Amino acid sequence: MRHRLTTPLPESDFWQLFSKRASGILQWSDMDAFWAELKHTGGQWYVFDPSQDAPEMPLSGNELQVALDTAQTLVNQRRELPMSGTVYVDNRETPTFFKVFDPANMGSSCSCSTEPVMPRYIFSQIKPDSLPFAPPPAKPGLFSRLTGRK
């Protein structure tokens, strides 16, 4: 279950980097080149699912390859579309931070949601901080009040 995040985001170095402008990788050929470059460069990356606690250790080697393959599989779910637009990177030539959004949960293009859509995965070369989450609603929803079930 995904939790709602509290706003504003924390003021740590990680979340400031998260909030900076990033370049979207739109063309599938550029996306393929991006994944290939990452897989060949290696290095250590923190791989963070914002709905979970932040990782304590970065991934490298085979663990990193598995994480990259998982993210690439998620992005490729919408390969039939003319463009991707699900990966946003700080610097395409020498990335140190990129966000991978779930193509089935990209949010609204009109930005009318009050809560930002969080990426499915964040790959970072600096250690992430966990997000504070909003508590579940104290008041039961309409379904619960009518049926007595949760």
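Counting only residues that are at pLDDT 90 or above and under 11 Å from the mean Cα position of the chain (by Cα), segment 90-131 holds 12 of them.
Checking each residue in segment 62-78 for being loosely packed, with under 11 Cβ neighbours inside 10 Å and either among the hydroxyl-bearing types (S, T, Y) or not in a helix (DSSP H, G or I) (or both) picks out only T73.
Checking each residue in segment 76-90 for being more than 15 Å from V117 (Cβ to Cβ) and not basic (K, R) picks out N76, Q77, E80, L81, P82, M83, S84, V89, D90. Taking the criterion of being acidic (D, E) and over 19 Å from the mean Cα position of the chain (by Cα), the only residue of segment 31-45 that qualifies is E37. Of the residues making up segment 19-48, just one is under 22 Å from V66 (Cβ atoms), touching a Phe, Trp or Tyr at 6+ places or on another chain (Cβ under 6 Å) and not β-branched (V, I, T), namely W45.
Does E11 meet the test of being of a type outside the set (A, V, I, L, M, F, W, C), part of a loop (DSSP other than H, G, I, E, B), exposed (fewer than 14 other Cβ atoms within 10 Å of the Cβ) and at pLDDT 90 or above?
Criteria not met by E11.
The residue pairs whose first member lies in segment 79-107 and is surrounded by 13 or more Cβ atoms within 10 Å (Cβ to Cβ), whose second member is of a type in the set (D, E), and whose beta carbons are closer than 6 Å, counting only pairs six or more residues apart or on different chains, are T96/D90; F97/D90. For segment 46-81, what are the residues that are among the charged types (D, E, K, R) and within 16 Å of the chain's Cα centre (by Cα)? Once the filter is applied, which keeps residues that are among the charged types (D, E, K, R) and within 16 Å of the chain's Cα centre (by Cα), segment 46-81 yields D49, D53, D69.
The values are calculated or read from the model by the stated rules, or taken from the named source; none is laboratory data. Worth saying up front: this structure is predicted, and the values here are computed from it rather than measured. FYI the Cβ positions are ideal-geometry reconstructions off the backbone, even for glycines, and counts take in every protein chain you see.
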